[in-house]
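First the structure, in the form of structure tokens, and then the observations on it.
What follows draws every value from the coordinates through simple rules; no lab data is involved. Just so you know, these numbers come straight off a predicted model, no measurement behind them. Cβ sites come from the backbone with ideal geometry, for glycine too, and all protein chains shown count toward neighbours.
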Amino acid sequence: MLGVGVPGRDLLFCLSMLLLTAYGVLLVLLPETTGPLVLAVLWLRDVSLAAGYPGAFAVSFLGNATLLVPFPYLGVPFFMGGVQAAGGTYLYDPWLTGLVSGIGAMLGEMTGYALGAGGRRCLDPARTEALNRLLLHHRHRVPFLVWFLAVTPLPDDVLVVPLGTVRYDWRVVFVAGAVGKTMFLTAVSWAGRSGMTWLEGLLGLSGQPGPLSGITEVLALMALVVVLYLVARVDWDSVTRRALVDTPADTH
């Protein structure tokens with residue numbers, strides 16, 4: 001994804017925190033106001049009910065496709081894990097949800113691989129050759145790094161795009177990433193199974209508004225903004241390269 005410059009990123013962070021603070025004051029003055037987080041939760045719950053497994057696959061693909069606008073796809077497997085029918089039975093299996101979502105997510109990430117492969121001609125040949133030597137020097141460590149980035153919320157593109165640039169075996173990239181994404185999204189789906197009722201009660205979605213639902217919403221949004229800001233401040237490209245450089249070279 002294309003990032004925002006450092007000054008613009010810091011300004012955006014400050015503006016976001018100021019807006020959320022003002023929104024928190026508004027919720028205190030007008031407690032009947034339905035906030036955006038509640039609306040997003042309700043919308044994701046409706047999407048999960050209507051979309052099913054094909055929808056989880058499609059949303060996960062779109063949420064990870066490099067060329068598209070980032071989409072909060074994690075909400076769909078989360079709600080699919082916890083959504084219940086009228087009788088109280090769960091509608092979707094977290095294991096299958098994680099598998100379908102994981103495959104869709106990694107297929108979306110492979111658009112980054114294709115972007116790197118297609119943009120090879122636009123890069124400095126000397127830089128491409130240096131990257132190629134670096135990755136080949138540690139070729140047996142690359143699958144683990146792909147898996148590690150996939151099994152965590154960390155950005156995958158910082159490694160997948162360069163792998164496409166040097167034409168690293170796409171099958172290895174896909175399998176390692178799909179395993180990681182499946183593990184991660186299965187955990188997200190099981191988290192929905194365990195925490196859906198608690199989340200609905202906390203946000204006042206279960207028919208009895210929680211006493212701290214408005215404050216909780218603002219704090220949750222602030223925490224999300226802080227996490228995104230901290231993640232954006234890290235030079236993940238340098239981190240990935242340093243991990244490769246500091247790892248002992250393959251001897252066979």
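Give the order of VAL100, VAL142, VAL227 when sorted by the count of other beta carbons within 10 angstrom, beginning with the fewest.
Starting with the residue having the fewest Cβ neighbours, the order is VAL227, VAL142, VAL100.
On full extension of the chain, what length is gained from VAL227 through TRP95, given 0.36 nm per residue of separation minus the C-alpha to C-alpha distance?
Residue separation times 0.36 nm, minus the Cα-Cα distance, leaves 44.8 nm.
For a quick protection proxy, order the peptides 157-170, 77-90, 11-24 by their average other-Cβ count within 10 Å, most packed first.
In decreasing order of mean packing, 157-170, 77-90, 11-24 become 157-170, 77-90, 11-24.
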